[in-house]
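Shown next, in structure tokens, is the structure this report addresses.
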Amino acid sequence: MVGLLGISALLLGALSPLRRTAMTTLRLLLGDQLDPRHSWFARIDPEVVYLLAEMRQETGYVLHHAQKVLAIFAAMRAFASQLRALGHRVEYVRIGESRARLDLPDLLEQVAVSVGADRVAWQLPDEWRLDAQLRSWSECTSLRTEAVDSEHFLTSRSDAARHFGARKRWVMESFYRMMRQRHGVLLTSEGEPEGGRWNFDSENRSAWRGEPPAPEDRRPCHDHGALWQEIVDAGVRTFGDPQQSALRWPVDRSEALHQLDAFLTHALPHFGTYQDAIAVDAPRLFHALISFALNTKMLRPDEVIGAVESAYRNGDVPLACAEGFIRQILGWREYVRGVYWARMPGYTRVNALEHRRPLPEWFWTGDTRMRCVAGAVGQSLSSAYAHHIQRLMLVGNFALLAGLDPEAVHHWYLGIYIDAFEWVEAPNTLGMSQFADGGLLATKPYVSSGAYIQRMGDACSACHYRVRERTGARACPFNALYWHFIDRHGARLRGNPRMAMPYRNWARMDAATRSALLAHAESLLERLDQL
Ligand code: FAD
Ligand code: SF4
């Protein structure tokens, strides 16, 4: 597919006879475009040079977790080596080189000259920022340009927008059903959903009490001490533990496939049941840990979905597990991408609830007495990973209740997680978690008091705070902050049928209880750093 920018550039490219004789093409590969099965690689062409570059513009657009920078660069280096071993020509820019400081257009111009290319091609970027940068460069460069599909997703950028049309709320479930039908996933021969239902979410809400044991972490351990030193010497700023001598993220497709296999065998059979659970000593529970491999395109969504559907059809996993997992990839992942492309630019600055508080200091240290949050933030700092419920119902829930600035929350999420790329992170953080888009993506804000956290996990029993208390020095902060949130956003949320119950309960409370809760919440909001 030739992108629009390619067509315009092709029209621009009335080339001189001299330049027409040069046939070399420079093909850019971004750090999240590491798919060895892309059709670009089907043929070895001596007139094609692949460019992979560790760029300061990519390490600097947000403060990243050390493991994220390390894992992406390590995977890029591994990919470059594989391409070379197959006979492809590769130009690689290391972070310590002066060329790493060029912005992308300048780098492309410079490398095109050095390899004698008259044409530059790239796979469509997934981030608006890079897409816009390449698009505007293609309008002014004298080089011929072409954009091709990344061949990764199951939908185009605009499919979700087409599906929802002018609807005010984009309810994921209807998109998911359309995707099941379009791709023939978990359907009977009559085209009906397997098991007679589209969604087994109601069976996916058990708390985990230690049995069955959570699966061992079977990921390989890499020593990337030398690469880490290059990153440090280049002056790249990061945060979090680099784990440079024991990095656990897959750096190539074969490692990613092993990880997928280990998940299918050891974790998938329990994934659905404990999908929403939280456990202090089992940070990963039964989650797959494949988002880094998927988002860097070492794995493709269709092969993951196919493997999970086969596990169900072979009788290895129950339908509720397979459906619960497939919904995340066929449904949520494609859907949030559609939201992103429909709402960018601008989506990253939404703030419907007008929240403005800065992040408390402990977002960078994990040093809070709230045991549930300390666990999720501490784990994120040490491993660049937290599972969905930790992201949504612990850290995100707290941020929303405390009225933290959604843009600051977005930058934190974009930096800290190994899988964080804006197209998937921003709708999850700003839409699903912070309700900052006013309810386009989430039908109600994901907020809860301490009772929900206690029900789904085991953090409360040894917490400094007491989950059953609502006011007082040791009362669980989630409780008063929850009612403060309900009270301060009444004008916007009272009419939402999914919020009817909390507003009824708030109205039933006597005035003295209500004002004690609000006063306590105010005192918490004044000292968020000390909680
Ligand atoms: P599993 O729980 O095992 O799920 C399997 C796969 O399903 C994931 O690898 C992922 O590809 C997909 N998936 C699951 N939920 C979602 C979702 N809501 N949106 C998109 N894909 C989903 N996911 C990212 O990939 N990058 C992000 O930056 C990111 N930021 C998030 C921020 C917040 C506030 C929240 C609430 C969620 C975020 N998610 C993000 C979604 C989800 O939390 C992660 O995909 C998941 O935790 C990755 O771990 P896993 O591979 O073990 O996932
Ligand atoms: Fe979290 Fe409150 Fe439970 Fe402590 S008591 S772990 S702060 S929910």
Which one of Ala475, Ala459, Ala451 is buried (at least 17 other Cβ atoms within 10 Å of the Cβ), among the small types (Gly, Ala, Ser), outside the structural domain of Arg209 (by TED's automatic domain parsing) and under 29 Å from the mean Cα position of the chain (by Cα)? Ala459
Which helices (runs of 4 or more DSSP H) sit wholly inside segment 88-170 and have at least 3 residues that are within 23 Å of the chain's Cα centre (by Cα)? 128-140, 159-164
Among residues belonging to segment 342-379 that are among the polar types (S, T, N, Q) and within 16 Å of ligand 2 (Cβ to nearest atom), point out the one that is farthest from Pro427 (Cα to Cα). Thr368
Note down all Cβ pairs under 6 Å where the first residue falls in segment 443-471 and is free of Cβ contacts under 8 Å to residues at least 24 places away in the same chain, the second is assigned to a loop (DSSP other than H, G, I, E, B), and they're at least six residues apart or on different chains. Gln454/Val467; Arg466/Arg474; Val467/Cys476
Determine the pairs where a residue that is touching a residue at least 60 places away in the same chain (Cβ under 8 Å), located within segment 385-398, has a partner that is within 8 Å of ligand 1 (Cβ to nearest atom) and aliphatic (A, V, I, L, M) with Cβ atoms under 9 Å apart, the partner being 6 or more residues away or on another chain. Tyr385/Leu289; Ala386/Val395; His387/Leu289; Leu394/Ala386
Take the residues in segment 373-387 that are within 23 Å of His355 (Cα to Cα) and within 15 Å of ligand 1 (Cβ to nearest atom); name whichever of them is farthest from the chain's Cα centre (by Cα). Val373
Just one of (1) surrounded by 17 or more Cβ atoms within 10 Å (Cβ to Cβ); (2) assigned by TED's automatic domain parsing to the domain that holds Arg27 trips up Leu154, so point out which. (2)
Can Phe200 be described as under 25 Å from Thr443 (Cα atoms), among the aromatic types (Phe, Trp, Tyr) and touching a Phe, Trp or Tyr at 6+ places or on another chain (Cβ under 7 Å)? no
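The values are calculated or read from the model by the stated rules, or taken from the named source; none is laboratory data. Keep in mind the model is a prediction, meaning the values are calculated, not measured. With ideal geometry, Cβ positions are generated from the backbone for all residues, glycine too; neighbour counts draw on all protein chains shown.
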